[in-house]
Amino acid sequence: MRTTLVVDAVALKDALAAEARALGFDVVGVTRPDALGDAKPYFERFIAQGQHGDMDWLAATAARRTDPQVLWPEARSVIMLGMNYGPDRDPLDILKERALGAISVYAQGDDYHELIKSRLKAIARWLVASGGGDVKVFVDTAAVMEKPLAASAGLGWQGKHTNLVSRRHGSWLFLGAIFTTLELPADLPEIDHCGSCHACLDICPTRAFPAPYRLDARRCISYLTIEHKGPIPREFRPLMGNRIYGCDDCLAVCPWNKYAAVGREAKLAAREALRAPTLAELSRLDDAAFRALFAKTAVKRAGRDRFVRNVLIAIGNSGDAALAVEAERLLDDPSPLVRGAAVWALARLEPQRFALLAEKLVPDADQSVRDEWAAA
Ligand code: SF4
């Protein structure tokens with residue numbers, strides 16, 4: 001790491017970009033803390049309409065999320081960095097394999113939060129050593145609107161699916177932010193290159209886009225499988241197919257992805273065990289086995305019960321009667337969330353067996369599970 005103090009802002013920015021590239025980032029840009037454009041009214045409408053669902057922290061942090069100057073008044077520049085995680089195969093192929101579970105591309109390897117954060121911290125240390133000032137580092141879970149800031153810093157534009165799209169890296173960029181008290185030269189924002197394309201809107205299985213550039217998270221499979229804590233609303237279950245953690249559909253169809261596969265392997269390789277796991281084996285995970293299988297991955301944060309709930313929805317959608325035995329076994333699971341999903345899966349896969357059990361079994365102690373029996 002270089003330690004010579006670089007005083008010229010342009011030279012400092014160039015050196016910063018070189019440092020970021022050496023640490024694996026594919027794209028770097030700089031914007032101002034007040035450059036969020038119309039992201040604030042968009043976000044306020046999203047919250048006011050309840051489209052954030054259970055994600056209460058989004059509403060709770062709205063003031064600082066929508067204004068980086070509230071988050072950190074001393075910040076003068078925001079450095080946005082992107083890392084390409086384009087997959088080495090088509091993530092939509094597994095959707096045809098109904099006895100397998102589809103885990104979103106970003107979650108098939110080591111937890112990117114950790115990977116990105118450690119590298120952002122290294123760059124931030126380099127910046128302080130080279131140019132002085134104070135810094136703060138943010139990645140994903142922080143109260144920062146990374147996508148509009150990244151667009152403002154010229155990394156790409158927010159596509160009709162609301163995610164960042166880059167002409168060089170498609171829809172596959174992890175984003176991170178470094179706030180600094182230094183005045184660095186700002187980049188020009190990227191302009192929208194979606195044109196007349198609406199592939200991402202058309203492919204969405206749950207119709208989660210009320211309009212281009214607007215997402216209702218409550219309908220999005222990524223939200224439903226990762227963030228939503230209770231039973232998944234019944235209307236969405238058949239539409240989930242075998243997506244058990246996240247959904248890549250709107251990202252994967254973006255035509256700008258054609259350049260994104262280059263250079264991903266060394267940085268964010270998928271674990272073989274998470275590329276195409278069978279629903280049968282996933283349904284048998286107890287808490288210890290779940291933690292072992294998903295150690296150091298993003299999936300681990302969902303917890304075993306929520307994850308097995310998702311697996312049972314996929315089992316119900318599999319059309320594979322051989323998987324009914326897994327659903328039946330989970331009717332006795334300690335978690336009401338899992339038992340309720342098992343009821344739905346079994347009723348969908350084996351209606352006759354389900355009817356027989358409905359007559360024989362003692363009513364479940366939990367009201368939410370009794371509701372599933374009544375509705376099935
Ligand atoms: Fe729709 Fe999937 Fe995109 Fe969510 S991630 S908006 S469910 S296509």
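Listed values, structure above:
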quantity	calculated
Conditions (1) touching a residue at least 24 places away in the same chain (Cβ under 8 Å); (2) open to solvent by 20 Å² or more (accessible area, probe 1.4 Å); (3) over 20 Å from the mean Cα position of the chain (by Cα); number of the one not met by residue 24	(2)
Filtered residues of region 199-211 (kept if part of a loop (DSSP other than H, G, I, E, B) and exposed (fewer than 14 other Cβ atoms within 10 Å of the Cβ))	207, 210
Selection from region 339-376 of residues that are β-branched (Val, Ile, Thr) and not in a helix (DSSP H, G or I)	362
Test result for residue 168, within 30 Å of residue 12 (Cα to Cα) and in contact (Cβ under 8 Å) with a residue 40 or more places away in the chain	yes
Residues within region 132-161 that are of a type in the set (S, T, N, Q) and surrounded by 20 or more Cβ atoms within 10 Å (Cβ to Cβ), tallied	2
In region 127-163, the residues that are touching a strand residue (DSSP E or B) at 6+ places or on another chain (Cβ under 7 Å), within 24 Å of residue 19 (Cα to Cα) and polar (S, T, N, Q)	152
Boolean, residue 186 is within 28 Å of residue 58 (Cα to Cα), of a type in the set (A, V, I, L, M, F, W, C) and not assigned by TED's automatic domain parsing to the domain that holds residue 10	yes
Enumeration of residues in region 212-240 that are assigned to a helix (DSSP H, G or I) and free of Cβ contacts under 8 Å to residues at least 24 places away in the same chain	219, 224, 235
Some residue of region 221-242 being among the aromatic types (Phe, Trp, Tyr) and away from the ligand (no atom under 16 Å from the Cβ)	no
Subset of region 88-126 (residues that are in a loop (DSSP other than H, G, I, E, B) and touching an Asp or Glu at 6+ places or on another chain (Cβ under 8 Å))	88, 91, 92, 98, 99, 104
Residue list for region 141-162, filter: within 28 Å of residue 301 (Cα to Cα) and away from the ligand (no atom under 16 Å from the Cβ)	141, 142, 143, 144, 145, 146, 148, 149, 150
Contacts under 6 angstrom Cβ, first residue in region 136-156 being in contact (Cβ under 8 Å) with a residue 12 or more places away in the chain, partner polar (S, T, N, Q) and open to solvent by 10 Å² or more (accessible area, probe 1.4 Å), 6 or more apart	143/61; 147/158; 151/158
Condition broken by residue 74, with the remaining ones in (1) under 24 Å from residue 273 (Cβ atoms); (2) outside any helix (DSSP H, G or I) satisfied	(1)
Lone unmet requirement of (1) crowded, with 21+ Cβ neighbours inside 10 Å; (2) under 18 Å from residue 224 (Cα atoms) for residue 301	(1)
Matching residues in region 188-243 - criterion: being aliphatic (A, V, I, L, M) and closer than 30 Å to residue 367 by Cβ	208, 217, 221, 224, 226, 232, 239, 240
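Per-residue answers, yes or no, for (1) in contact with a strand residue (DSSP E or B) (Cβ under 9 Å, 6 or more places away or on another chain); (2) part of a helix (DSSP H, G or I); (3) within 16 Å of the ligand (Cβ to nearest atom):
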| residue | (1), (2), (3) |
| --- | --- |
| 247 | yes, no, yes |
| 256 | yes, yes, yes |
| 281 | no, yes, no |
| 292 | no, yes, no |
| 306 | no, yes, no |
| 322 | no, yes, no |
| 329 | no, yes, no |
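The values are calculated or read from the model by the stated rules, or taken from the named source; none is laboratory data. Source: prediction; values computed, not measured. Here the Cβ is made from the backbone with ideal geometry for all residues, glycine too, and neighbour counts use every protein chain on show. Accessible surface is based on the protein model in full, side chains and every heavy atom, while ligands, DNA and RNA are left aside. Shrake-Rupley method; radii C 1.70, N 1.55, O 1.52, S 1.80 Å.
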